[in-house]
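Down below is the structure, laid out as structure tokens.
The values are calculated or read from the model by the stated rules, or taken from the named source; none is laboratory data. Computed from a predicted model, the values in this text were never measured in an experiment. Counting neighbours? That spans all protein chains shown, and the Cβs are built from the backbone with ideal geometry, glycine included.
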Amino acid sequence: MPKYLISFEKGSMDHIPAGDWAEVGKAAHAVCQEAKDAGVFVFAGGLRYDDGDVEAAVVAVDGTVTDGPYPESKELIGGVLIVDVPTREAALEWAAEIAVACRCAQDVRKFMFDPELVD
């Protein structure tokens, strides 16, 4: 089945009051558990931007490492959910659930299929 990346931009959840974070986390975990139970969960996680050990870096083809995101990058990912579902419509349904849980819009993109990478 095709895999889809469901993601949101860094800062998309900045409107959430500090007192609501536990509830949002619980709701997001519930959607991920639902995806696991449905057999479509591949991976989920949020990216940290508040810890010096997790700074973005760009590694060039010559091995040079530059701190920070790719210079032309205008968007930074805040969090992701990857699902393995039969259709785009199914991916959009999961995106709708995670949008409600995380209280922010979600971007949905299909991964390219590469038969050489299939187990």
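Overview of values
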read-out: Conditions (1) at pLDDT below 95; (2) farther than 30 Å from Glu89 by Cβ: number failed by Pro2; value: (2)
read-out: Extreme residue, farthest from Met112 (Cα to Cα), among residues of the range 78-94 that are modelled with pLDDT of 95 or more and among the small types (Gly, Ala, Ser); value: Ala90
read-out: Unmet requirement for His15, which otherwise passes all of (1) loosely packed, with under 12 Cβ neighbours inside 10 Å; (2) assigned to a helix (DSSP H, G or I); value: (2)
read-out: Test: residue in the range 46-61 that is within 21 Å of Arg109 (Cα to Cα), surrounded by 12 or more Cβ atoms within 10 Å (Cβ to Cβ) and either modelled with pLDDT under 95 or not β-branched (Val, Ile, Thr) (or both); value: yes
read-out: Residues within the range 100-115 that are in a helix (DSSP H, G or I) and touching a residue at least 40 places away in the same chain (Cβ under 8 Å), tallied; value: 3
read-out: Matching option when the condition is buried (at least 17 other Cβ atoms within 10 Å of the Cβ) and of a type in the set (Gly, Ala, Ser), among Ala105, Ala90; value: Ala90
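Yes or no, residue by residue, for (1) surrounded by 18 or more Cβ atoms within 10 Å (Cβ to Cβ); (2) under 15 Å from Gln106 (Cα atoms); (3) under 16 Å from the mean Cα position of the chain (by Cα); (4) without any contact (Cβ under 8 Å) to a residue 12 or more places away in the chain:
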position	(1), (2), (3), (4)
Leu5	yes, yes, yes, no
Trp21	no, no, no, yes
Ala28	yes, yes, yes, no
Cys32	yes, yes, yes, no
Phe43	no, no, yes, no
